[in-house]
Amino acid sequence: MMTVRVGVIGCGYWGPNLVRNFARTEGTSLSKICDSRFERAAKVAAQYGVRSVTEDAKAVIDSPDVDLVVIATPSLTHYELAREALAAGKHVLVMKPLATSVAHAEELVALAERKGVLLAVDHTFVYTGAVRKIKELVDAGQVGSIYYIDSVRINLGLFQSDVNVVWDLAPHDISIIDYLLDGREPESVSTIGARHVDSPTENIAYLSLRYGDQLLAHVHVNWLAPAKVRRMIVGGSKKMIIYDDVEPSEKILVYDKGVKISKNGDPGENPYQLLVEYRTGDMHAPRLDTREALALEAEQVVQCIRKGGRPVADGQAGLRVVRVLEAAEQSLARGEPVLLGQGGQGKGAIP
């Protein structure tokens, strides 16, 4: 079976993590390492015995020794680099977001289809043991009908110069929500935000995603918080889940809690009298797969290249996330909700 030869573009904050995991993935070989700062690429390459180092991204894309181009560069460069790599017939894994506009994301998805190559997006959190366990519980019907998803992702920094806090942090939460809801897209997105400390872009924002059937999702992102918080609550008709990514051990707590409301007595006499029944059961912390998310992501991408199939975070998933982000940006500018379509594509299983 073929060995997937990997070229990585970008060795800044996240690139070295991708290099490390592809170096350890069965069925791969690291062919080229690239960064605009040659010394940074050379340092990473030396750690993993990669001989070919360059500061020219085109040298990676055009190389006959590269099958998969991994793009770990600033957001504004994703579209151009991914487009060139796909046009060259390369498989592509690109960091989130897939692109900074829906038009560009759609173009990349269509180009990958035409070229018959794989397009994947680094939505790392959908590969974590915690999120996969939540998905397992949802798919098994243990959560019941989902009423709401509430997510908070805040910390002090890191400020980005090319994108605002929505494009920087919210893709993580939106991709998790997209995964849990099987690619179902919201009907509307409403966003408010603010710019502080003379920032040219929003550094705090609140996104509200409205789906049909009274399902709501809320995402709070913030670069100006005094503490790091990574928490999501999934509220269902049967059970409720708290996911705390900062928690070192019990990242998921499953609560057997709920409420039932029914009218009491004669509606004609007192139509507003309600009977409220609370259900309070046990709480448990399920055992989670502790394998590194990036290792699973690299493994699945390579398997899909070698054997066919689609990864969980494929181009379509990346496109759906960009649709929500662009709608959030438009809502910020207009000061009103932005309507979206409905639907979504199914996703593959994580190994």
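Taking (1) more than 16 Å from the chain's Cα centre (by Cα); (2) surrounded by fewer than 20 Cβ atoms within 10 Å (Cβ to Cβ); (3) part of a loop (DSSP other than H, G, I, E, B) in turn, Tyr206 satisfies each apart from (3). Within the option set Leu158, Leu76, being under 20 Å from Ile174 (Cβ atoms) and either in the same structural domain as Cys11 (by TED's automatic domain parsing) or of a type in the set (Asp, Glu) (or both) holds for one residue only, Leu76. Would you pick out the residues in segment 176-202 that are in contact with a helix residue (DSSP H, G or I) (Cβ under 9 Å, 6 or more places away or on another chain) and within 20 Å of Arg334 (Cβ to Cβ)? Once the filter is applied, which keeps residues that are in contact with a helix residue (DSSP H, G or I) (Cβ under 9 Å, 6 or more places away or on another chain) and within 20 Å of Arg334 (Cβ to Cβ), segment 176-202 yields Glu185, Pro186, Ser188, Val189, Ser190, Thr191, Ile192, Gly193, Thr201, Glu202. Going by the structure shown, is Arg114 in the same structural domain as Ser101 (by TED's automatic domain parsing) and either surrounded by fewer than 17 Cβ atoms within 10 Å (Cβ to Cβ) or out of contact with any His (no Cβ under 8 Å at 6 or more places or on another chain) (or both)? Criteria met by Arg114. Restricted to segment 181-216, and to residues that are touching a residue at least 12 places away in the same chain (Cβ under 8 Å) and among the small types (Gly, Ala, Ser), which residue is farthest from Arg230 (Cα to Cα)? Only one residue tops the list, namely Gly212. Taken together, Asp178, Asp162, Asp173 contain a single residue that is out of contact with any strand residue (DSSP E or B) (no Cβ under 7 Å at 6 or more places or on another chain), touching a residue at least 12 places away in the same chain (Cβ under 8 Å) and buried (at least 20 other Cβ atoms within 10 Å of the Cβ), which is Asp178. The one condition from (1) in a strand (DSSP E or B); (2) under 15 Å from the mean Cα position of the chain (by Cα) that Ile154 does not meet is (2). Give the residues of segment 273-301 that are under 19 Å from Trp14 (Cα atoms), not in a loop (DSSP other than H, G, I, E, B) and not acidic (Asp, Glu), sorted by residue number. Result: Ala293, Leu294, Ala295, Leu296, Ala298, Gln300, Val301. Would you check if Ser190 is hydroxyl-bearing (Ser, Thr, Tyr), over 22 Å from Ser75 (Cβ atoms), in the same structural domain as Thr280 (by TED's automatic domain parsing) and not in a loop (DSSP other than H, G, I, E, B)? Here the answer is yes, as Ser190 does meet what is asked. Can we say Gly235 is under 22 Å from the mean Cα position of the chain (by Cα) and either of a type outside the set (Asp, Glu) or under 30 Å from Glu277 (Cβ atoms) (or both)? So Gly235 passes the test. Here is a list of conditions, (1) among the aliphatic types (A, V, I, L, M); (2) at pLDDT 95 or above; (3) part of a strand (DSSP E or B), and Val246 meets all of them except one; can you say which number that is? Here Val246 meets the rest and fails (3). Among the conditions (1) farther than 23 Å from Thr124 by Cα; (2) among the hydrophobic types (A, V, I, L, M, F, W, C); (3) in a helix (DSSP H, G or I); (4) touching a residue at least 40 places away in the same chain (Cβ under 8 Å), the only one that Ala105 does not satisfy is (1).
Counting only helices (runs of 4 or more DSSP H) that sit wholly inside segment 6-94, those with at least 1 residues that are free of Cβ contacts under 8 Å to residues at least 24 places away in the same chain and out of contact with any helix residue (DSSP H, G or I) (no Cβ under 6 Å at 6 or more places or on another chain) are 38-47, 78-87.
The values are calculated or read from the model by the stated rules, or taken from the named source; none is laboratory data. Note that the coordinates shown come from a computational prediction; the quantities given were computed from them, not determined experimentally. Every residue, glycine among them, receives a Cβ derived from its backbone with ideal geometry; neighbour counts consider all protein chains shown.
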